[in-house]
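Engineer: Here's a structure for you.
Nothing in this text is a laboratory measurement; each read-out follows from the coordinates by a stated rule. Computed from a prediction, not measured in an experiment: that's the story for all the values here. Cβ atoms come from the backbone with ideal geometry, glycine included; neighbour counts cover every protein chain shown.
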Amino acid sequence: MLDFNKLLPDLIDLSSKASNTIMDIYNSDFSHENKDDGSPLTLADESSNKIIIDGLKEITPQIQVISEETFKSDISYEDSYWLIDPLDGTKEFINRNGDFSVNISFIHKRRSIFGIVQRPTDLRIWTSLDKVSQAKPEETSPLRIVMSRSHKREADTMFLKFLQDSDIDYELVEKGSSLKICALCDDEADIYPRFGPTSEWDIAAADAVLKSYGGSIFSLEDFEKLKYSKKNILNPPFIAYRNELIREAYGQKVEDYVKKLL
């Protein structure tokens, strides 16, 4: 197994190089095109992808690297591999709202066990090795719900109506990319329900980070923690909790709602 503490400085340097390149393009007159699946692609995606893949192959040449930009549907997963999203939140990047991120994760036996998330606009970084205070978790009121800034769905509206009908006070926090999960780490939100499609690389790094902060992500299909290396790279609908206390307070309500309506 890799020594992530030893590798961390090199990995942060790699992420920062990618972030700086992204910002150089962000501050230029860039254009974008659409991939076959309709999602946008920019020079920033491609440049960040090359920097990270080349760097990982130099740092750990024996480890498989899987990226959003190079993924093939017939891929054969190894037991352990790097999974990266070189620019999560390309729509936010194009809209210039700052809510995009660089994501580097390590998958071992279908679990995300290490992750780095970096926000290029200010180089803020979250890692699964962060020294996190072990203070007793607290429940907050109203319930702070983080949702997508650019991917609103009918299911989101239905969920909020369910909370309202259940007399649960809430306030909405809007963010983009994997920074929604980082908002849980920063105690800016309590839960992140995601009913729309995401890919494994979108959340793997933030999943590992959230675990280190005392949080967790559960599938809304089987109500188990997320697994990776699936034949279908898409994640199931899921919900992320800031801490165990929040999950204990709202988990059963969410599960009942999902079983009834989804």
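Engineer: Can you tell me the equivalent ellipsoid semi-axes for the stretch 4-127? Use √(5λ) from the Cα gyration tensor, largest first, whole Å.
Structural biologist: Ellipsoid semi-axes (Å, largest first): 24, 18, 12.
Engineer: How large is the convex hull of the C-alpha atoms of the stretch 61-132 per residue, in Å³?
Structural biologist: 118
Engineer: Can you tell me the relative contact order of the chain? Whole percent, Cα pairs under 8 Å, sequence separation 6 or more. Let's see the in-between values first.
Structural biologist: Values: 479 pairs, mean separation 42.6, N = 262.
Value for the chain: 16 percent.
Engineer: Report the dimensions of the chain along its three principal axes from the alpha-carbon atoms, largest first, rounded to Å.
Structural biologist: 52, 41, 36
Engineer: Residue 79: net charge of surrounding residues, Cβ under 14 Å, Lys/Arg +1, Asp/Glu -1, itself excluded?
Structural biologist: Combined, the nearby Lys, Arg, Asp and Glu give +3.
Engineer: Sorted from fewest to most neighbouring beta carbons within 10 Å, what does the list 132, 102 look like?
Structural biologist: Working: 132 12, 102 31.
Listed from fewest to most nearby Cβ atoms, that is 132, 102.
Engineer: A further question on this structure: For the chain, which longest stretch is free of loop sites, where a loop site is one of the trypsin sites (Lys or Arg not before Pro) that DSSP puts outside H, G, I, E and B and that has at most 16 other Cβ atoms within 10 Å?
Structural biologist: It runs 154-226.
Engineer: Another question, if that's okay. Could you line up 104, 246 from fewest to most neighbouring Cβ atoms inside 10 Å?
Structural biologist: Values: 104 29, 246 24.
Neighbour counts put them in this order, fewest first: 246, 104.
Engineer: Once every DSSP H run of n ≥ 4 in the chain is given -39500 (n - 2.57) and the sum is divided by its residues, what mean residue ellipticity at 222 nm do you get, rounded to the nearest 500 deg cm²/dmol?
Structural biologist: Details: 7 runs with 96 residues, N = 262.
Per the formula, -12000 deg cm²/dmol.
Engineer: Further, regarding this structure: Using the 10 angstrom Cβ neighbour count as an exposure proxy, how do 90, 42, 157 rank, fewest first?
Structural biologist: With the fewest neighbours first, 90, 42, 157 line up as 157, 42, 90.
Engineer: From the Cα gyration tensor of the stretch 143-261, with a ≥ b ≥ c the square roots of its eigenvalues, which class applies: rounded if a/c is under 1.5, or else prolate if a/b is larger than b/c, or else oblate?
Structural biologist: rounded
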